[in-house]
1. Being of a type in the set (A, V, I, L, M, F, W, C), open to solvent by 10 Å² or more (accessible area, probe 1.4 Å) and out of contact with any helix residue (DSSP H, G or I) (no Cβ under 6 Å at 6 or more places or on another chain) is the filter here, so list the residues in region 15-47 that pass it.
2. Pick out, from region 36-122, the helices (runs of 4 or more DSSP H) lying fully within it that include 3 or more residues that are in contact with a Lys or Arg (Cβ under 9 Å, 6 or more places away or on another chain), farther than 12 Å from Arg155 by Cβ and hydrophobic (A, V, I, L, M, F, W, C).
3. Which one of these does Ile151 not meet: (1) open to solvent by less than 40 Å² (accessible area, probe 1.4 Å); (2) modelled with pLDDT of 90 or more; (3) touching a helix residue (DSSP H, G or I) at 6+ places or on another chain (Cβ under 9 Å); (4) farther than 28 Å from His203 by Cα?
4. Considering only region 123-133, state which residues are buried (at least 16 other Cβ atoms within 10 Å of the Cβ) and either at pLDDT 90 or above or in a helix (DSSP H, G or I) (or both).
5. Tell me yes or no: at least one residue of region 53-60 is open to solvent by 30 Å² or more (accessible area, probe 1.4 Å), of a type in the set (A, V, I, L, M, F, W, C), closer than 24 Å to Arg216 by Cβ and touching a Phe, Trp or Tyr at 6+ places or on another chain (Cβ under 8 Å).
6. Within the set of pairs 6+ apart or on separate chains, which have a first residue in region 94-116 that is under 14 Å from Asp160 (Cβ atoms) and without any contact (Cβ under 8 Å) to a residue 24 or more places away in the chain, a second that is open to solvent by 20 Å² or more (accessible area, probe 1.4 Å) and not in a helix (DSSP H, G or I), and C-beta atoms under 8 Å apart?
7. How about region 199-248: which of its residues are in a loop (DSSP other than H, G, I, E, B), modelled with pLDDT of 80 or more and surrounded by fewer than 13 Cβ atoms within 10 Å (Cβ to Cβ)?
8. Taking interchain pairs and intrachain pairs at least six residues apart, which have beta carbon atoms under 8 angstrom, with the first residue in region 56-83 and within 19 Å of Met109 (Cα to Cα) and touching a residue at least 24 places away in the same chain (Cβ under 8 Å) and the second surrounded by 16 or more Cβ atoms within 10 Å (Cβ to Cβ) and polar (S, T, N, Q)?
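The values are calculated or read from the model by the stated rules, or taken from the named source; none is laboratory data. In this text the structure is predicted, and so the values were computed from the model without any measurement. Here Cβ is always computed from backbone atoms with ideal geometry, including for glycine, and neighbour counts include all displayed protein chains. Heads up: the accessible areas ignore ligands, DNA and RNA and are worked out on the full protein's heavy atoms, side chains in. Shrake-Rupley method; radii C 1.70, N 1.55, O 1.52, S 1.80 Å.
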Amino acid sequence: MLEFHSVYKTFTMDKEDIHVVHNANFKVKTGEFVAIIGPSGSGKSTLLGIAAGLDKPNQGKVVLDQYTLSEMDEDDLAEVRSTNVGFVFQNFQLLPNMTALENVSIPLMISSRLSERQIKEKAMDLLKSVSMDHRANHFPQQLSGGEEQRIAIARSFVNDPKILFADEPTANLDSKNGNMVMELLRDLNQKKKSTLVVVTHDHSVAKLADRILEMRDGQIWEASQKKAPNASSKKKSSAKKKTVKKVS
């Protein structure tokens, strides 16, 4: 579903080159739930933007499904995003002058040929799936952060994307709402068979994924957890609990 081949991204600030993504190589399988972890400023969000076709690398090849994003112009990228990609932002990105139902409907209004009634029905079904149908006519300022994020998730799935990207989806939420949001993402990932890629610095979020990738120094490494075989060896093995290897 997603492939990175020797991808580089460099920004220039005050005549100095900042290498945010450096020789990133990894693959994500169709239907897989992958978490990308790393500290703030490690380049995770930049990597996710490149993967979703929101940004382009300076060098390297990015393939999403059958599309080589790194070789496409902006018009073609916009078409791919509208029909194949869902995106959940850290700060929700809901339009303040539109209701929850209208916010969820926006992608369908832009890209689909459905009638107004069909769009409303589909958007309402998605709101029901995240238990927010009772808030359909409320505006974002009338909602809690957890409610806003659930509506943003409904919007991200409304076009039945093949892959969904989530950038720190629990960062602005308390633990209760954060857990609820992750359960929703995982549930929708399984029911709708969409591939899910989540960027997070929260290891408790990452543990829900099928696979964990770690971003360090602009590169991607595979992280795995090894459990101690028995209680007597727990202390001895604790130093080797976490292992990482570079993804080739």
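1. Ile18
2. Counting at least 3 such residues, we get no helices (runs of 4 or more DSSP H) at all.
3. Only one criterion is unmet by Ile151, namely (4).
4. The answer is Ala123, Met124, Leu126, Leu127, Ser129, Met132, Asp133.
5. Among the residues of region 53-60, at least one is open to solvent by 30 Å² or more (accessible area, probe 1.4 Å), of a type in the set (A, V, I, L, M, F, W, C), closer than 24 Å to Arg216 by Cβ and touching a Phe, Trp or Tyr at 6+ places or on another chain (Cβ under 8 Å), which makes the answer yes.
6. From region 94-116, no pairs qualify.
7. Lys207 - this is the single residue of region 199-248 that is in a loop (DSSP other than H, G, I, E, B), modelled with pLDDT of 80 or more and surrounded by fewer than 13 Cβ atoms within 10 Å (Cβ to Cβ).
8. Listed by first residue and then by second, the contacts come to Ser82/Asn159; Thr83/Asn159.
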